[in-house]
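The values are calculated or read from the model by the stated rules, or taken from the named source; none is laboratory data. Since the model is a prediction, treat every value here as computed from it, not as a measurement. Glycine also receives a Cβ, built like all others from the backbone with ideal geometry; neighbour counts cover every protein chain displayed. Please note that ligands, DNA and RNA were not included when accessible areas were found on the heavy atoms of the full protein model with its side chains. Shrake-Rupley method; radii C 1.70, N 1.55, O 1.52, S 1.80 Å.
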Amino acid sequence: MTKRDILILPEAKLRLVSDPVERVDDAVRQLADDMLETMYAAPGIGLAAIQIGEPRRMLVMDVAREDEDPDPMVVINPEIVWESPELSVYQEGCLSIPEYYADVERPARIGLRFLDREGAERELEADGLLATCLQHEIDHLNGVLFIDHISKLKRDRVMKKFQKQARLAEKS
Ligand code: GNR
Ligand code: NI
């Protein structure tokens, strides 16, 4: 397993629409392992492949609490098959937008169909933090960031801050 660098706003690749995974083979499992190592090291509770520069429709997640055993999930080619009409609000953050947090409203529960790390088709009903995090990661597969769900005023402010940081980092 290799820890990889996480792309940070305003990196243009974060806006790509990722491609479906054609075949779940050893190379895909290797990528999933790299993503898990990168996510745990960050630390974070989810990571989409594009966040390490790979435009593939896959994500990893572990929403186990600290007093629980680790519960790594590998989710490939996810499709949301239903969404609850009820919404819930979570304060979200993103490893690609460090140290910025904002409330986002999303469906409280979802049904998901996906392939696991063996390439087997699976279905899952998610609620709570898992539902929120899955939607946050699936947004990444479509080039969407959580700041796209907040006001334009706040989003512009965040974009400006990260553009300035990138400019300063380039000069030093
Ligand atoms: O680590 C993460 N925490 C988090 C908290 C609330 C809602 C979503 C997330 S996902 C984030 C990791 C990340 O950026 N995944 O793309
Ligand atoms: Ni994110």
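Packing, as the average of other Cβ atoms within 10 Å across residues, places the peptides 146-153, 107-114 in the order 107-114, 146-153, highest first. Residues whose amide H falls under 5 Å from that of Tyr100, counting only those 5 or more places apart or on a different chain, are Cys94, with hydrogens built in the peptide plane. Over all directions, the projected convex hull of the C-alpha atoms in the chain averages 10.5 nm² in area. Dividing the mean sequence gap of close Cα pairs (under 8 Å, 6+ apart) by how many residues the chain holds gives a relative contact order of 23 percent. For the stretch 59-172, the share of accessible area belonging to carbon and sulfur comes to 47 percent (1.4 Å probe, ligands and nucleic acids excluded). Spatially close Lys pairs in the chain, defined by Cα atoms under 23 Å apart and a spacing of eight or more places or different chains, total 13.
In this structure the chain gives 57 Å² per residue of accessible area when probed at 1.4 Å with all protein chains present.
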